[in-house]
Amino acid sequence: MSVFDEHLEQFEGAQRSALAATVATARTALPGAVEVLAWGMPTFRAGDAEGPNILSVTGFKNHNSLFPHSGSLAESLGEALDGWDVTKGTIHFERDRPFPAPLLKRILKARIVEINASYPKRNGELREYYDNGFAKARGRMKGEDLTGAWQWWRRDGSLMRSGAFKTGEQVGEWITYDRQGQPHRVTHFGRA
């Protein structure tokens with residue numbers, strides 16, 4: 001049983017149905033996201049269990065809430081959230097009605113854009129995600145140069161390519177994988 005399914009068991013009737021429908025919409029939009037418990041709430045994370053938080057969903061006595069883990073998302077969506085009870089970190093919705101699927105999908109896409117824009121980190125870590133929650137690329141930057149081990153994935157989540165860089169140049173063994181994750185082609189770029 002997933003963390004969301006387990007969490008939803010504490011709610012009853014129309015509130016449980018509203019939360020379950022909202023979670024189902026997010027699952028459909030984010031097949032590449034991983035479901036974890038974060039900040040005490042069931043949460044969708046991009047790519048893997050260590051990926052950034054995309055969205056948490058939970059219910060309260062008087063309302064249900066989306067937690068997009070972003071203080072600036074309401075600004076980027078502008079008028080789309082007019083009429084919604086929006087705080088710095090949450091979007092409240094009615095206890096007995098699911099959050100509207102088209103707006104939820106828009107929020108999820110905006111959140112992935114925001115996550116991608118947060119890289120590279122100060123330590124050089126770079127991650128990029130598809131709008132469906134699957135990882136697209138992962139590696140490190142040193143200044144403007146790609147450095148160290150890198151991996152790229154296809155939109156369906158299958159590993160596509162891996163290799164390494166030194167001062168922005170490809171080095172060592174590079175592997176291209178088929179959709180089943182098996183090495184398809186190996187290329188050598190000199191000493192690593």
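The values are calculated or read from the model by the stated rules, or taken from the named source; none is laboratory data. What you see is a predicted model; the values in this text were computed from it and never measured. Note: ideal-geometry Cβ built from the backbone for every residue, glycine included; neighbour counts use all protein chains shown. Surface areas here come from the heavy atoms of the whole protein model, side chains and all, with no ligands, DNA or RNA. Shrake-Rupley method; radii C 1.70, N 1.55, O 1.52, S 1.80 Å.
Numbers at a glance
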{"read-out": "Odd one out for Gln15, checked against (1) touching a Lys or Arg at 6+ places or on another chain (Cβ under 8 Å); (2) of a type in the set (S, T, N, Q); (3) part of a strand (DSSP E or B)", "value": "(3)"}
{"read-out": "Filter result for Tyr130 (free of Cβ contacts under 8 Å to residues at least 12 places away in the same chain, of a type in the set (Phe, Trp, Tyr) and crowded, with 16+ Cβ neighbours inside 10 Å)", "value": "no"}
{"read-out": "Some residue of region 52-72 being modelled with pLDDT under 85, outside any strand (DSSP E or B) and surrounded by fewer than 19 Cβ atoms within 10 Å (Cβ to Cβ)", "value": "yes"}
{"read-out": "Odd one out for Val113, checked against (1) open to solvent by 50 Å² or more (accessible area, probe 1.4 Å); (2) more than 13 Å from the chain's Cα centre (by Cα)", "value": "(2)"}
{"read-out": "Considering residues of region 37-51 that are within 21 Å of Glu128 (Cα to Cα) and loosely packed, with under 13 Cβ neighbours inside 10 Å only, the residue modelled with the highest pLDDT", "value": "Glu50"}
{"read-out": "Residue in region 125-156 that is nearest to Glu35 (Cα to Cα), counting only those that are at pLDDT 95 or above and in a loop (DSSP other than H, G, I, E, B)", "value": "Gly133"}
{"read-out": "Region 164-186 residues that are touching a residue at least 24 places away in the same chain (Cβ under 8 Å), paired with ones that are buried (at least 16 other Cβ atoms within 10 Å of the Cβ) and of a type in the set (Phe, Trp, Tyr) (beta carbon under 7 Å, 6 or more apart)", "value": "Ala164/Trp150; Phe165/Trp150"}
{"read-out": "Ala24 free of Cβ contacts under 8 Å to residues at least 24 places away in the same chain and either of a type in the set (A, V, I, L, M) or crowded, with 16+ Cβ neighbours inside 10 Å (or both)", "value": "yes"}
{"read-out": "Test: Ile107 is part of a helix (DSSP H, G or I), touching a Pro at 6+ places or on another chain (Cβ under 8 Å), in contact (Cβ under 8 Å) with a residue 40 or more places away in the chain and closer than 17 Å to Val34 by Cα", "value": "no"}
